[in-house]
Amino acid sequence: MKTITDHILDIVQNSIRANATLIEIIVEENKKNDFYSLIISDNGCGMDEETLKKAANPFFTSRKTRGVGLGLSLLKQNAEMAGGNFSLYSVVNKGTEVKASFQLSNVDRPPLGDVWNMFYYTMIGNETIDFHYIHKTENGTIEIQSEEIKRSLEGVSLRQKEIREAILELIQNNLKEIKATN
Amino acid sequence: MTKIKSLADLRKIRDEVQSKIKLRENSTHPEQTVQIKIGMATCGIASGAKETMRFFVEELEQQAIDAVVTQTGCMGFCYAEPTVEITLPGKEPVVFGFVNKTKAEEIIEVYIKRGELVDGIIPMNFKTIDE
């Protein structure tokens with residue numbers, strides 16, 4: 001995975017498979033403390049303790065289509081490579097939280113990437129799920145909610161060209177405003 | 001163009017395009033929509049499924065083809081990612097492997113627009129064997 005965005009795109013698929021209806025993605029960066037973190041939490045079916053222990057193992061998966069599960073293990077590897085940590089919390093029937101932290105200045109920290117595309121594609125790919133993207137920097141916090149966007153469109157399709165461009169621009173401009181590092 | 005920064009700006013855009021959309025939307029019949037599913041699991045993303053999805057969304061829109069592009073999980077063909085499942089109206093779904101931009105272009109031109117099959121199909125119709 002080349003970017004944080006790729007990881008988000010990937011981990012969010014786990015939450016979708018866990019039948020989550022609300023998925024919250026939080027990226028927080030702090031230059032002063034040289035800190036960068038990614039938290040993805042959902043209200044899906046969760047995991048029991050035994051599954052939780054195995055989840056970050058690349059040779060464990062709940063799928064039947066293939067025998068490996070690299071999503072979480074790759075994120076764990078990237079975090080640890082970039083001077084950070086990885087942790088997982090989960091409660092059955094309540095949800096799961098994935099936390100990865102990085103050293104902001106570390107050369108191995110993946111860049112943020114095109115979060116706006118990730119958000120838009122995940123949103124049109126899963127219209128019944130509410131996605132929240134929160135990005136915090138020292139200059140401020142932005143929060144983008146897919147339900148809120150859909151509500152303000154009042155039935156106009158997300159897939160309209162003008163709407164797509166407007167949503168992408170909205171996210172990009174907001175990120176610029178809080179001076180998000182890429 | 002003014003910068004879009006808030007939901008209020010988004011609403012303005014919505015109002016601007018709403019009238020245009022009505023004309024377009026009238027031609028939409030769900031039974032004529034092409035359904036495209038992009039494999040978006042770890043294997044797909046690592047092989048560039050995001051770029052494939054982006055290409056499909058933009059190109060189909062450009063050519064005004066009535067299609068719905070969505071995401072799906074891993075179909076078990078990790079060696080052939082990015083994989084794309086295409087369902088033409090009234091037809092069985094077909095899965096294509098190694099769909100990069102060039103392949104996607106070919107699929108749109110030949111399969112979606114003319115209905116002719118192209119190389120790179122992953123045969124997955126196992127149910128005929130069972131029956």
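Observations on the structure shown:
- Scanning the range A:115-158 for residues that are closer than 13 Å to A:ILE26 by Cβ and among the acidic types (Asp, Glu) yields a single hit, A:GLU143.
- Of all the criteria given as (1) aliphatic (A, V, I, L, M); (2) at pLDDT 95 or above; (3) under 30 Å from B:PHE56 (Cβ atoms); (4) in contact with a Leu (Cβ under 9 Å, 6 or more places away or on another chain), the one not satisfied by A:ILE134 is (4).
- Sole exception among (1) within 12 Å of chain B (Cβ to nearest Cβ); (2) in contact with a His (Cβ under 9 Å, 6 or more places away or on another chain) for A:LEU70, by number: (2)
Conditions tested, residue by residue: (1) touching a Lys or Arg at 6+ places or on another chain (Cβ under 8 Å); (2) part of a helix (DSSP H, G or I); (3) at the interface with chain B (Cβ under 9 Å from one of its Cβ atoms).
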position: A:VAL107; (1), (2), (3): no, no, no
position: A:ASN117; (1), (2), (3): yes, yes, yes
position: A:GLU148; (1), (2), (3): no, yes, yes
position: A:SER157; (1), (2), (3): no, no, yes
position: A:ILE163; (1), (2), (3): yes, yes, yes
position: A:LEU175; (1), (2), (3): no, yes, no
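- Test: A:GLU50 is more than 14 Å from chain B (Cβ to nearest Cβ), buried (at least 18 other Cβ atoms within 10 Å of the Cβ) and not small (Gly, Ala, Ser): no
- Lone qualifier among A:GLU169, A:GLU138 - being acidic (Asp, Glu) and over 30 Å from B:ILE65 (Cβ atoms): A:GLU138
- Listed by first and then second residue, the pairs with beta-carbon distance under 8 Å, at least 6 apart or on different chains, first residue in the range B:30-52 and farther than 15 Å from B:GLY97 by Cα and away from chain A (no Cβ under 11 Å), second β-branched (Val, Ile, Thr) and in a helix (DSSP H, G or I), are B:VAL34/B:ILE112.
- Hits in the range B:87-98 - residues which are in a loop (DSSP other than H, G, I, E, B) and under 22 Å from A:ARG17 (Cα atoms): B:PRO93
- Options B:GLU61, B:GLU106, B:GLU92, B:GLU116: the member that is within 27 Å of A:PHE119 (Cβ to Cβ) and either among the acidic types (Asp, Glu) or out of contact with any helix residue (DSSP H, G or I) (no Cβ under 7 Å at 6 or more places or on another chain) (or both): B:GLU61
- Of all the residues in the range B:53-68, those that are closer than 13 Å to B:THR83 by Cβ and either in contact with an Asp or Glu (Cβ under 9 Å, 6 or more places away or on another chain) or more than 9 Å from every other protein chain (Cβ to nearest Cβ) (or both) number 1.
- Complete set of residues in the range A:79-105 that are assigned to a helix (DSSP H, G or I) and either closer than 12 Å to A:LEU38 by Cα or touching a helix residue (DSSP H, G or I) at 6+ places or on another chain (Cβ under 7 Å) (or both): A:ALA79
- Hits in the range B:58-86 (condition: outside any helix (DSSP H, G or I), surrounded by fewer than 16 Cβ atoms within 10 Å (Cβ to Cβ) and of a type in the set (S, T, N, Q)): B:GLN63
- Set side by side, the residues A:GLU127, A:GLU162 differ, and just one is touching a strand residue (DSSP E or B) at 6+ places or on another chain (Cβ under 9 Å), surrounded by fewer than 16 Cβ atoms within 10 Å (Cβ to Cβ) and among the charged types (D, E, K, R), which is A:GLU127.
Residues checked against (1) in contact with a strand residue (DSSP E or B) (Cβ under 8 Å, 6 or more places away or on another chain); (2) of a type outside the set (Val, Ile, Thr); (3) loosely packed, with under 14 Cβ neighbours inside 10 Å:
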site: A:ALA82; (1), (2), (3): yes, yes, no
site: A:LEU88; (1), (2), (3): yes, yes, no
site: A:LEU112; (1), (2), (3): yes, yes, no
site: A:MET118; (1), (2), (3): no, yes, no
site: A:TYR133; (1), (2), (3): yes, yes, no
site: A:THR137; (1), (2), (3): yes, no, no
site: A:GLN145; (1), (2), (3): yes, yes, no
site: A:ASN174; (1), (2), (3): yes, yes, no
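The values are calculated or read from the model by the stated rules, or taken from the named source; none is laboratory data. As the structure is a computational prediction, the values presented were derived from the model and not from experiment. Note that we place each Cβ from the backbone using ideal geometry, even for glycine, and neighbour counts take in every protein chain shown.
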